[in-house]
Amino acid sequence: MTDMKADRWYLDIMSPNTKGDKFAWLDPTSIYINGEAFTQLLDDLIAELEGVECDVVAGLDAMGFVLGAAIATRISVGFLPIRKAGKLCVDTDAVSFTNYSGRTQDMEMRTPAFASGTRVLLVDQWVETGGTMDGAIRLVERQGGIVAGIATIAMEDNERTAGYRASFPVVTAVRPGTDRQDQCNRQTLDSFASYSPEMAFPKKP
């Protein structure tokens with residue numbers, strides 16, 4: 001049973017992968033389903049973003065749209081989607097990147113999206129290998145934008161993500177140096193042992 005009074009309890013309702021290696025190893029969207037969990041996640045991220053100034057939030061396709069749009073609304077700035085290639089009907093700039101599964105993909109951003117010097121907070125649901133985030137950083141910087149910081153539920157530890165932490169303010173719900181961070185690095189959470197979908201069900205009036 002999840003202790004809803006525990007620190008960052010909502011991380012324990014994330015779902016394990018049940019479909020195999022072609023998919024991400026967990027699904028954080030169960031946090032979004034539960035109103036209390038989503039609200040607390042946003043409260044924690046916004047609190048840690050204090051002092052990080054940005055002019056727009058950019059969310060990475062696709063689940064970064066959910067978290068990014070919510071953060072943008074909370075801090076009263078606009079939202080910019082960074083999309084997988086071929087989805088936007090306006091002029092775009094595109095980059096190639098290697099995602100968490102090792103596949104090479106293209107992502108794109110409208111051009112022009114903002115004036116040179118615009119401060120952009122990059123948001124994704126989860127940063128595993130850092131390849132997708134690398135593509136987003138390149139797109140922002142190619143238009144003269146400034147990466148103001150990175151926000152995500154968790155960022156796994158590796159050489160590339162260490163570079164992000166050294167270069168930008170990085171805010172994560174799973175805090176670095178904690179046992180939960182170690183679990184993320186191992187790509188298995190202790191909470192998986194007691195997980196059930198009902199844990200995340202929205203409460204009825």
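Assuming charge only on the beta carbon of Lys and Arg (+1) and of Asp and Glu (-1), the dipole of the chain about its Cα centre is about 460 debye to the nearest 20. Database remark: amide H of L26 closer than 5 angstrom to the amide H of N17 (H placed geometrically; neighbours at sequence offset of 5 or more, or on other chains; Pro and chain starts carry no H). Report the percentage of all Cα-Cα pairs in the stretch 33-86 whose separation exceeds 13 Å, rounded to a whole percent. Cα-Cα pairs of the stretch 33-86 separated by over 13 Å account for 61 percent. The convex hull defined by the C-alpha atoms of the chain has an orientation-averaged projected area of 12.1 nm².
Helix 131-142 and the long axis of the chain differ in direction by around 30°, with both axes built from C-alpha atoms. Taking the charge dipole of the stretch 53-186 about its Cα centre, with +1 at Lys and Arg Cβ atoms and -1 at Asp and Glu Cβ atoms, the residue from A72, T161, T92 reaching farthest to the positive side is A72.
Taken along the Cα-to-beta-carbon direction at a fixed 7 Å, the label points for D93 and F201 span 4.8 nm. Each 10 Å bin from 0 upward holds the following percent of the Cα-Cα pairs of the stretch 120-180: 23, 60, 16, 2.
For V171, the residues 5 or more places off, or on other chains, whose built amide H falls under 5 Å of its own are I150, A151, T152.
The 3J(HN,Hα) values that the Karplus relation (6.51, -1.76, 1.60; θ = phi - 60°) gives for the stretch 99-108 are, in residue order, 8, 4, 8, x, 7, 8, 10, 10, 9, 9 Hz. Gly and Pro appear as x. Using the Cβ-Cβ distance between A162 and T39 with R0 = 30 Å, the FRET efficiency computed as 1/(1 + (r/R0)^6) comes to roughly 0.45. From its DSSP helices (H runs of at least four residues, each -39,500 (n - 2.57)), the chain gives a residue-normalised ellipticity at 222 nm of -8500 deg cm²/dmol. Normalised by the number of residues in the chain, the mean separation of alpha-carbon contacts (under 8 Å, six or more apart) gives a relative contact order of 21 percent. Rounded to the nearest 5, the antiparallel percentage of DSSP beta bridges internal to the stretch 53-186 is 30%.
Considered as an equivalent ellipsoid built on the Cα gyration tensor, the stretch 36-124 has semi-axes of 24, 17, 11 Å, the largest given first. Between the amide H of D55 and those of R119, V120, L121, distances stay under 5 Å, these residues lying 5 or more places away or on another chain, with hydrogens modeled in the peptide plane.
Quick note: the coordinates plus some simple rules give every number you see, no bench work behind them. None of these values were measured; they are calculated from a predicted model. Cβ coordinates were reconstructed from backbone atoms using ideal geometry, including for glycine residues, and neighbour counts include every protein chain displayed.
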